[in-house]
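Structure record follows, encoded as structure tokens.
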Amino acid sequence: MYIMHVSDFPSRYEPKEIEDRCYQRWITEKYFTPDLKSGKPPYTIMIPLPNVTGPLTMGHVLNNTFQDILIRYKKLSGHETLWLVGMDHAGIATQVKVEEKSRQRGTSKQQLGRERFVEEVWKWKEDIAAIIRQQLRRLGYALDWSREQFTLSKEYSEKVTRVFVALYNKGLIYRGEYIINWCPRCLTALSDEQVLTEEKPGHLYFIRYPVVGEDEYITVATTRPETMLGDTAVCVNPHDERYKRFIDRRALLPIMEREIPIIADEYVDPEFGTGALKVTPAHDPFDFELARKHHLELIDIMNPDATLNVLTRQFSGQDRYQARKAIVEMLDRSGRLEKIEDYRLPLAKCERCETAIEPRISKQWFVKMKPLAAPALEAVRQGRVRIFPRRWVNLYNHWMENVRDWCISRQLWWGHRIPVYYCNACYDPDRDDSEHGVIVSQTMPARCTSCGSSDIYQDEDVLDTWFSSWIWPFATLGWPEKTEDFQRFYPTQTLVTGWDIIYLWVARMIMAGLEFTGQVPFSDVALHVMIRDEKGRKMSKSLGNSPEPMELIDKFGADALRFGLLLITPREQDVLFSERSIDVGRKFCNKLWNAARLIHMSADSDVDFLPGKASVYDAWIIERFNRLLLSTEQRFANFEVNAITRDLYDFLWHEFCDWYLEFLKILPSGPAARFVLRNLIIVLHPFMPFITEEIYQKMGFPAKSIMLEDWPGQVSIEQDTAGVNALVRLIGEIRNIRGIFNIKTKEKLDIVINARPALIDFLAGHENALQKLAGLAEIGYNQTVDGSVASIIMQEMECYVKLTGLDLEKEKGRLLKEIGFLTQRIDEIKHRLNNPNYASKASNDIKDMERKRLEEFLRKKEVIQRVIEKI
């Protein structure tokens, strides 16, 4: 027998001494790089690209840990795995960061000029990318660094251009003048998905528009009185009796004193406001559609920075809110302001700088989405792409069924230049025939295709960031060429991301995959919840409200951060982050380390485990591990990673350490303990890669690395473990009695057990374990009981704990108070679970948690009631 020495296995787990060394070894051995010739089934995940706007947040930690778990699990399960890493240039978000940095240095992008400013952004990108790489490595992620990608690299950019040209040639990209979301701070168009909306207190202004030739007026209500300067009509419902006589007449626009038509359209809701609508086609998307339908004039009254332009006369140059105040005062003085009411209104803001966006008429480039959305919608309906949890399918379907054309041009300098070229000789931007002198090309054309001139310039705008990231799954694998990587790893298997970008990214990737490869880009989409701060806000780089992951790793270790974060994250409900959860992860690491050290010092490493020679305690823990293994595999199939984390915690902490290792201190085991530990750390490895690798090496297990191990299988055990199950439950119930009566652990108890002879024989044979773990003195079997006792009624036995030296009346009073408290809690939970409103809104995780609490309170109440009956 080889006897281990304490010095072989340090008493404390020190992650700092292990993690860097361990990760470097994995890189050196190329464990993260797939073997193209292996013949194993492929399993591929594309990382949701972190933006080069700043270091990773806790949201990234959750997302990437989820992916790392899946990759490591699949590798252990016999797959050839590829987790492809890369970063996103994040056009508007990164440009805003560098603009802010420039301002702090006393300069601006305009002063720098486009070329120098873009150079500054590249420097920023390199600095941030280095930080992100270091973060990803320190978290232990099994990323293939040999295939790292960047969405603005030369090779990737060529593929983005190819996609634009292909869609344009197919008639799916067009240029048009529409109302778009405009950010006056970033000076660029935004897609609907890049706009945040929140309710804010505001006002509803009621303004009187005189009817020309009549001593009457129509009152309209608006939240934005400054836009009235661009009104070109008043619209009413044709069936509204109040206004029928005014239809086809004209109204006088206050302040501007310009006549505008009064038109009728069923779009107007007679019940909202006054039932009359001011129509401002250049500054409202619905008014824009009305204007097209009724051939109204479009008057743009704003400059790009949201100051009013020269068309507004005396208000020219004023900020929109400054102008609002002045206009309201003027309306009030002229008697045209009827009243002002408080009103809560939705405020749309730029997601990057949080400036209130301005609906603005603008000529932009768009993608026709309906032809692309139809096959992507069908792919999910047919099950070719599965979304987990399933409740998010409804959201996906809703977005796809109501899809709008995608504005893809951005007035930025950082990004992919739109591959559109204009001829100075024959292109006239004011002509309706705007295709004349316009060339869409993969490369800079030598001559104009319309007139032959060589005087050509490129469009100044860049593409929306999402236009490059929607081709991420196939563009990174060599497309359009049929490379080895493309043929081996595309389509990918799983996408892991937050539910908040299901349309921004997930749906668009499905569209692009089907359009350009004829295949869905992935089979499964696993959506996880959001990490929020203690104020309930999503953790993000822009808010700066995320703890620095590297500081948490320095304090707790990477495995503690990973495991602790997953442990508090439910599947369907956003989680409020607290550093306390990471400390739970640290304690779990220590528990695992100490358990492994105990086995390392006591178990025989030279003897192979044989199931036929297992003790009854060995058989019991193997049976419990078999259950854990089956549950884990089933949960992996449904991407219930958070539930697996809780199961692993409960198994190691309670069944393995609290019971099995305590049994072994009384009845030492043979090689079974090492066998179970080996299988357990293999299952734990995807969740806690560093500590499990270190334990694996300390224990001298056979493979070169735990990453090269095989996922364990079920172990057939012949022994009946019912006796151990009864013993465990009995000890637990006796401990509960101690807690109820505040009996100290050092005080030994006398008990009587009444049961079938076979169980009595088992318990008598394991009396030493029962006495030590339950703190007992005398144990009687199948005897009558006199005096005051606390009863434990189990299906297979009855146990009576003798109560001596206690003030039983005082205890009875205390227990009755406990019954009252439990009854109140039980009623509260039942009321919640039976409330239809709660049942429809609460997540399944939360409802399951409530049901477990209800079961626990009911069981405890029943035990206390039995105890009271016996007093």
Original post:
Looking at the stretch 90-107, which of the residues that are farther than 21 Å from Q67 by Cβ and in contact (Cβ under 8 Å) with a residue 40 or more places away in the chain is most open to solvent (accessible area, probe 1.4 Å)?
Top reply: K97
Original post:
Residue check: is D265 under 48 Å from the mean Cα position of the chain (by Cα) and open to solvent by less than 50 Å² (accessible area, probe 1.4 Å)?
Top reply: yes
Original post:
Would it be correct to say that Q493 is open to solvent by 20 Å² or more (accessible area, probe 1.4 Å) and under 25 Å from the mean Cα position of the chain (by Cα)?
Top reply: yes
Original post:
Here are some residues: K170, K123, K154. Which one is closer than 30 Å to D305 by Cα and without any contact (Cβ under 8 Å) to a residue 60 or more places away in the chain?
Top reply: K123
Subject >> Residue check for S605: on the phi < 0 side of the Ramachandran plot, at pLDDT below 85 and not basic (K, R) >> reply: yes
Original post:
Out of curiosity, is G78 surrounded by fewer than 17 Cβ atoms within 10 Å (Cβ to Cβ), modelled with pLDDT of 95 or more and either outside any strand (DSSP E or B) or touching an Asp or Glu at 6+ places or on another chain (Cβ under 8 Å) (or both)?
Top reply: yes
Original post:
Within the stretch 239-248, is even one residue touching a Pro at 6+ places or on another chain (Cβ under 8 Å), without any contact (Cβ under 8 Å) to a residue 12 or more places away in the chain and surrounded by fewer than 20 Cβ atoms within 10 Å (Cβ to Cβ)?
Top reply: yes
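Condition check ((1) in contact with a helix residue (DSSP H, G or I) (Cβ under 9 Å, 6 or more places away or on another chain); (2) within 23 Å of V367 (Cα to Cα); (3) not in a helix (DSSP H, G or I)) across all residues:
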site: Y427; (1), (2), (3): no, yes, yes
site: T443; (1), (2), (3): yes, yes, yes
site: R447; (1), (2), (3): no, no, yes
site: G452; (1), (2), (3): no, no, yes
site: Y457; (1), (2), (3): no, yes, yes
site: W479; (1), (2), (3): yes, yes, yes
site: T497; (1), (2), (3): yes, no, yes
Original post:
Among V715, V728, V752, which is open to solvent by less than 40 Å² (accessible area, probe 1.4 Å), in contact with an Asp or Glu (Cβ under 9 Å, 6 or more places away or on another chain), in a loop (DSSP other than H, G, I, E, B) and touching a residue at least 40 places away in the same chain (Cβ under 8 Å)?
Top reply: V715
**OP:** Go through the stretch 108-215 and tell me which strands (runs of 3 or more DSSP E), entirely inside it, have 2 or more residues that are surrounded by fewer than 20 Cβ atoms within 10 Å (Cβ to Cβ) and either among the small types (G, A, S) or within 24 Å of the chain's Cα centre (by Cα) (or both).
**Re:** 144-150, 195-210
Original post:
Within the stretch 755-771, how many residues are open to solvent by 20 Å² or more (accessible area, probe 1.4 Å), in a helix (DSSP H, G or I) and closer than 19 Å to E662 by Cβ?
Top reply: 5
Subject >> Selected residue (criterion: modelled with the lowest pLDDT) from residues of the stretch 382-402 that are open to solvent by 10 Å² or more (accessible area, probe 1.4 Å) and outside any helix (DSSP H, G or I) >> reply: R391
**OP:** Could you tell me whether R360 is open to solvent by 20 Å² or more (accessible area, probe 1.4 Å), over 23 Å from K159 (Cβ atoms) and either part of a loop (DSSP other than H, G, I, E, B) or in contact with a helix residue (DSSP H, G or I) (Cβ under 7 Å, 6 or more places away or on another chain) (or both)?
**Re:** no
Subject >> Close pairs from the stretch 676-705: first under 15 Å from I599 (Cβ atoms) and hydroxyl-bearing (S, T, Y), partner open to solvent by 10 Å² or more (accessible area, probe 1.4 Å) and not in a loop (DSSP other than H, G, I, E, B), Cβ under 8 Å, at least 6 apart >> reply: Y696/R678
Original post:
Which residue pairs have Cβ atoms closer than 8 Å, lie 6 or more positions apart in sequence or on different chains, and pair a first residue in the stretch 804-825 that is open to solvent by less than 40 Å² (accessible area, probe 1.4 Å) with a second residue that is in a helix (DSSP H, G or I) and of a type in the set (S, T, N, Q)?
Top reply: I819/Q865
**OP:** Check E662, E709, E655 and return the single one that is open to solvent by 30 Å² or more (accessible area, probe 1.4 Å), at pLDDT 95 or above and closer than 26 Å to W593 by Cα.
**Re:** E655
Original post:
Which condition does G54 not pass, out of (1) touching a helix residue (DSSP H, G or I) at 6+ places or on another chain (Cβ under 8 Å); (2) at pLDDT below 95; (3) part of a loop (DSSP other than H, G, I, E, B); (4) open to solvent by 10 Å² or more (accessible area, probe 1.4 Å), if it passes all the others?
Top reply: (4)
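The values are calculated or read from the model by the stated rules, or taken from the named source; none is laboratory data. The structure presented is a predicted model; accordingly, all values stated were derived computationally and were not measured. Note that we place each Cβ from the backbone using ideal geometry, even for glycine, and neighbour counts take in every protein chain shown. Calculation scope for accessible area: heavy atoms of the full protein, side chains included, ligands and nucleic acids excluded. Shrake-Rupley method; radii C 1.70, N 1.55, O 1.52, S 1.80 Å.
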